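Everything below concerns the one structure shown next.
The values are calculated or read from the model by the stated rules, or taken from the named source; none is laboratory data. Remember, predicted model here, so these are calculated numbers, not experimental data. Heads up, the Cβs are rebuilt from the backbone with ideal geometry, glycines too, and the neighbour counts pull from every protein chain shown. Surface areas here come from the heavy atoms of the whole protein model, side chains and all, with no ligands, DNA or RNA. Shrake-Rupley method; radii C 1.70, N 1.55, O 1.52, S 1.80 Å.
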Amino acid sequence: RASILALLGDRPMHGYEMIQEIAERSGGAWKPSPGSVYPTLQLLEDEGMISSESDGGKKLYALTDAGRTEAEAGPQAPWEEAGRGIDWEAMQEVRQAGFGLMEAFAQVWKTGSPEQRQKALAVINQSRKRLYLILAEQDDEDAEDAGVAEGDEG
């Protein structure tokens, strides 16, 4: 809500444009989903904070006088909070690891035999369980005792 009002304080925008702006201004830390932005836009419009007009099949949103007053009273850059305290280098490592895993899994799924697909699925399921065990502060030895052994698909 605060981000939408702050953005529209700069200029009228389309919903998708707001999503992109928030992602860009937060340095990629926060990219709101259409499922959160569009209902908020509708609510703000119902409250009389913004108005919309059709612009080539899309809605262009702008602040009303009431919306401008609320935007001026609110935070000027609420998206900046989303990026504070984030280790961007670690975040990039996580992204690369996740994308690499999904790429390898997709390759096995597309080109592998049914047996290879089942093995790949087992690896994914086992990895998920082991990640949760990290949060439970159990090591691999404890994991095997808990039934998360090699090839465990359950």
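Remarks
- Each Lys and Arg contributes +1 and each Asp and Glu -1, all at the Cβ; summed about the Cα centre of segment 88-142, the dipole is approximately 480 debye.
- Remark: spin-label model distance Arg68-Leu43 equals 2.5 nm, labels positioned 7 Å along the Cα→Cβ axis.
- For segment 1-139, accessible area per residue (1.4 Å probe, heavy atoms of protein chains only), Å²: 65
- Once the Cα gyration tensor of segment 1-133 is diagonalised, semi-axes √(5λ) in Å: 42, 19, 12
- Extension gain from Ala2 to Leu60, taking 0.36 nm per residue of separation minus the Cα-Cα distance: 19.1 nm
- Expressed as a whole percent, the proportion of Cα-Cα pairs in segment 1-52 lying more than 16 Å apart is 33%.
- Cross-link partners of Lys119 among lysines (Cα-Cα below 18 Å; sequence separation of 8 or more within a chain): Lys110, Lys129
- Subtracting the Cα-Cα distance of Ala23 and Lys119 from 0.36 nm times their residue separation leaves 30.8 nm of extension gain.
- For His14, the amide hydrogen comes within under 5 Å of the amide hydrogens of Tyr61, counting only partners 5 or more places away or on other chains and with H modelled in the peptide plane.
- Radius ratio Rg over Rh of segment 88-142, counting only Cα atoms, Kirkwood formula for Rh: 1.07
- Positive-end extreme of charge dipole, segment 1-83 - chosen from Ala23, Ser3, Gly48 (charges on Cβ): Ala23
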